[in-house]
Amino acid sequence: MYAYYALSALEPSLRPQLWWKKYVTLFQIVQFTALALHALIPVVINCGISRILAFVGALEGILFASLFTDFYYTAYVQKSSKGH
């Protein structure tokens, strides 16, 4: 993931060859969804962690998953449907 970001930032001429951009975005969506679910564990199981902190962590995961999902939809789903 960070290799993609580094390559695309340092060498813009490589961007067309970085075919895995779509998959990096999908991975980020999965990662932040997992973060949100993991952050909610203290809400279900009393493990001594503040429930407020758990909700803040879950909110962060949901927010970033939503942002990456919006980007994915705009960049790949709408783009491919406009081409047909």
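Just give me the residues in region 18-58 being of a type in the set (A, V, I, L, M) and within 23 Å of Met1 (Cα to Cα), in sequence order. The answer is Leu18, Val24, Leu26, Ile29, Val30, Ala34, Leu35, Ala36, Leu37, Ala39, Ala58. Taken together, Leu18, Leu53 contain a single residue that is under 23 Å from Thr69 (Cα atoms) and more than 11 Å from the chain's Cα centre (by Cα), which is Leu18. Candidates are the residues of region 1-21 that are part of a helix (DSSP H, G or I) and within 20 Å of Lys79 (Cα to Cα); the one that is modelled with the lowest pLDDT is Arg15.
The values are calculated or read from the model by the stated rules, or taken from the named source; none is laboratory data. Since the structure is predicted, the reported quantities are computational estimates derived from the model, not experimental observations.
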